[in-house]
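The structure under discussion appears below in the form of structure tokens.
The values are calculated or read from the model by the stated rules, or taken from the named source; none is laboratory data. Please read all numbers here as calculations on a predicted model, not as lab measurements. Here the Cβ is made from the backbone with ideal geometry for all residues, glycine too, and neighbour counts use every protein chain on show.
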Amino acid sequence: MQKPFKPVGKSQLLSHAVERAVEDSIRQGQLAPGMRMPPEFQLCEQFGVSRTVLREALRMLSGRGLLRIEKGRGIFVSELTTETVTTPLELYLHQKLGPLYWLNVIRARQIIEPAIAAEAALHRTSEDLDRLEQDFRELQDCRSGSGDLTALDMAFHLHIAEASGNPVVPLLVQPIHTLMPRIKTSVHQVVMDARESAIAWHGKILQAIADGVAEEARLCMARHLDVSEDHVRQVMEVEAADVAAAPQEEPLVVSAP
């Protein structure tokens with residue numbers, strides 16, 4: 001069997017160099033999903049590294065979802081999934097999320113989702129339309145808390161992305177949509193007609209997609225997200241007012257002896 005790897009250089013952290021070499025082989029198609037990697041001792045020999053270095057590299061590759069380590073069976077190249085692609089971005093965005101980021105989230109949606117709605121109007125299938133209509137009915141019928149409302153809301157928008165006919169589009173919007181529950185919870189606490197507004201605009205967007213009118217779908221989605229931005233601004237104003245009204249702690253004064 002031809003050795004697929006060469007010894008790594010000493011000028012960089014060895015485990016990272018091994019990690020990068022394996023990733024490059026996956027990118028170039030030399031390692032295909034499901035392929036079994038050589039055993040550890042052969043990999044150590046090929047890379048010219050210790051078992052400790054190799055195992056650290058394998059741990060990093062496994063953590064990123066590129067390799068699958070099965071005890072007693074071996075090391076396998078993983079089949080990448082949607083979660084493999086979107087989860088790192090979701091985690092990053094969750095760490096950064098705060099009131100100032102809420103507007104950035106909505107504005108990101110304003111940039112991409114009107115165009116997605118237009119594409120859905122042009123490319124949706126009858127199955128896509130059935131699913132969107134089901135989403136809309138469930139949103140109308142929902143009488144539970146904001147968590148269920150938000151889940152139904154985001155399902156509707158994700159299914160529009162899938163109806164665009166472009167498999168890359170859902171990957172772009174899904175990490176952003178995972179941020180919405182925290183935002184929507186605050187919106188529903190402050191904006192009393194938020195639910196009714198969402199239902200009304202979802203109905204207009206659905207109708208435009210069902211009619212196959214791309215420009216109308218784009219305009220309805222844009223207006224829907226403009227209203228969402230207004231709701232977020234209302235929440236931010238309330239929170240700012242609460243902070244301003246909160247009693248300030250008196251500075252601690254230490255008397256001289």
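Summary table below
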{"read-out": "Residue satisfying all of: in the stretch 182-206; in contact with an Asp or Glu (Cβ under 9 Å, 6 or more places away or on another chain) and over 20 Å from Glu113 (Cα atoms); modelled with the lowest pLDDT among these", "value": "Ser186"}
{"read-out": "Residues located in the stretch 159-171, provided they are crowded, with 17+ Cβ neighbours inside 10 Å and within 16 Å of the chain's Cα centre (by Cα)", "value": "His159, Ile160, Ala161, Glu162, Val169, Pro170"}
{"read-out": "Sole residue being touching a helix residue (DSSP H, G or I) at 6+ places or on another chain (Cβ under 8 Å) and either modelled with pLDDT under 90 or not in a helix (DSSP H, G or I) (or both), chosen from Val53, Val8", "value": "Val8"}
{"read-out": "Qualifying residue in the stretch 121-142 (condition: surrounded by fewer than 20 Cβ atoms within 10 Å (Cβ to Cβ), on the phi < 0 side of the Ramachandran plot and either at pLDDT below 90 or under 18 Å from the mean Cα position of the chain (by Cα) (or both))", "value": "yes"}
{"read-out": "Flag if Glu79 is acidic (Asp, Glu) and modelled with pLDDT of 90 or more", "value": "no"}
